[in-house]
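Below is one structure, written out as structure tokens; comments come after it.
The values are calculated or read from the model by the stated rules, or taken from the named source; none is laboratory data. All values reported here derive from a predicted model rather than from experimental measurement. Every residue, glycine among them, receives a Cβ derived from its backbone with ideal geometry; neighbour counts consider all protein chains shown. Ligands, DNA and RNA are stripped out before the accessible areas are found, and what is left, the full protein with its side chains, is counted by its heavy atoms. Shrake-Rupley method; radii C 1.70, N 1.55, O 1.52, S 1.80 Å.
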Amino acid sequence: MRDLANITHDGPKWIVLDGDIDPMWIESLNTVMDDNKVLTLASNERIPLNRTMRLVFEISHLRTATPATVSRAGILYINPADLGWNPVVSSWIERRKVQSEKANLMILFDKYLPTCLDKLRFGFKKITPVPEITIIQMILYLLECLLTEKNAPPDSAKEL
């Protein structure tokens, strides 16, 4: 946090804290989440956050958070079932460079993905449950590796 505070560029600086909230360390972050945005360490060192710094907590619950922490946090809950696969896939397709590929990919995802996901949901016994969004992300990672300029040139046929 100290290193980020000393960086002088005006671009955003994000600190992502992932995992369960521990009541001991979250209390020290309460001053950071206040209007004064100053981190006070156990050594009494004070590290002011600049206007471009942001904290993001990616947590599964707030059971161990104190009321002070909860009142300072802007909480956003995203239910994966409500979100669905389309925003993730659309975002990935938008980052692709070839315009004709973008159109073809969206058509193919709309045509095949719902059927494949239904088959995965109801056609197989699950030993280890995997969230649907994780399956989608894995498909996108695989396509990222396969859809290279060498394997699928920009002027290639739609069938490829």
Specify the residue that is farthest from the chain's Cα centre (by Cα); the eligible residues are those in the stretch 67-88 that are free of Cβ contacts under 8 Å to residues at least 40 places away in the same chain and part of a loop (DSSP other than H, G, I, E, B). 74
Considering the stretch 1-36, residues that are among the polar types (S, T, N, Q) and part of a helix (DSSP H, G or I), and then whichever is least open to solvent (accessible area, probe 1.4 Å), we arrive at 30
Between a residue in the stretch 145-160 that is without any contact (Cβ under 8 Å) to a residue 24 or more places away in the chain and closer than 17 Å to residue 93 by Cα and any residue that is open to solvent by less than 60 Å² (accessible area, probe 1.4 Å) and assigned to a loop (DSSP other than H, G, I, E, B), which pairs come within a Cβ distance under 8 Å, given they are 6 or more apart or on different chains? 146/152; 160/152
Tell me whether the stretch 37-49 contains one or more residues that are assigned by the TED database to the domain that holds residue 8, touching a Ser or Thr at 6+ places or on another chain (Cβ under 9 Å), touching a residue at least 24 places away in the same chain (Cβ under 8 Å) and open to solvent by 40 Å² or more (accessible area, probe 1.4 Å). no
Residues located in the stretch 37-61, provided they are aliphatic (A, V, I, L, M) and part of a loop (DSSP other than H, G, I, E, B): 41, 42, 49, 59
Name every residue in the stretch 114-156 that is loosely packed, with under 10 Cβ neighbours inside 10 Å and acidic (Asp, Glu), in order of residue number. 155
Among the residues of the stretch 83-113, the number that are open to solvent by 40 Å² or more (accessible area, probe 1.4 Å), more than 23 Å from residue 157 (Cα to Cα) and aliphatic (A, V, I, L, M) is 1
Unique residue being more than 21 Å from the chain's Cα centre (by Cα), polar (S, T, N, Q) and under 30 Å from residue 133 (Cα atoms) when the list is 31, 64: 64
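For (1) at pLDDT below 90; (2) assigned to a helix (DSSP H, G or I), each residue gets a yes or a no:
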| site | (1), (2) |
| --- | --- |
| 63 | yes, no |
| 90 | no, yes |
| 100 | yes, yes |
| 106 | no, yes |
